[in-house]
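Everything on this sheet refers to the single structure shown next.
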Amino acid sequence: MTRSPQRADPAGYRLRVNGHLDDHWSAWFDGLTLVTESDGTTSLTGLIHDQAVLHGLLTKVRDLGLVLVSVESVDRDGKSALHRAGRRD
């Protein structure tokens with residue numbers, strides 16, 4: 001198996017889950033910014049230092065019994081790759 005190069009800098013991610021989480025969950029999710037959306041989901045956005053931390057966050061989502069809607073890479077301003085490319089699908 002070939003290893004891919006490790007990122008030197010933290011990467012931005014946005015996880016979306018079904019349901020609305022209160023702001024107090026931010027500390028449990030390693031300080032990610034929580035935003036409740038009008039479609040009944042919550043977005044958890046922030047810098048994640050490596051894949052191990054990302055997998056740990058996904059484990060927390062699972063352990064809470066939350067339904068994971070999506071995971072996407074975002075820039076430091078919280079814009080997704082599609083938005084940066086000029087697409088808004």
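Of all residues in segment 3-32, how many are closer than 20 Å to D75 by Cβ, touching a residue at least 24 places away in the same chain (Cβ under 8 Å) and of a type outside the set (K, R)?
Looking only at that region, the number is 9.
Scan D23, D39 and give me the residue that is more than 19 Å from A11 (Cα to Cα), modelled with pLDDT of 95 or more and assigned to a loop (DSSP other than H, G, I, E, B). Can you show your working first?
Working: D23 fails: modelled with pLDDT of 95 or more.
The unique qualifying residue is D39.
The values are calculated or read from the model by the stated rules, or taken from the named source; none is laboratory data. Source: prediction; values computed, not measured. Every residue, glycine as well, gets a Cβ built from its backbone with ideal geometry; the counts of neighbours run over all protein chains shown.
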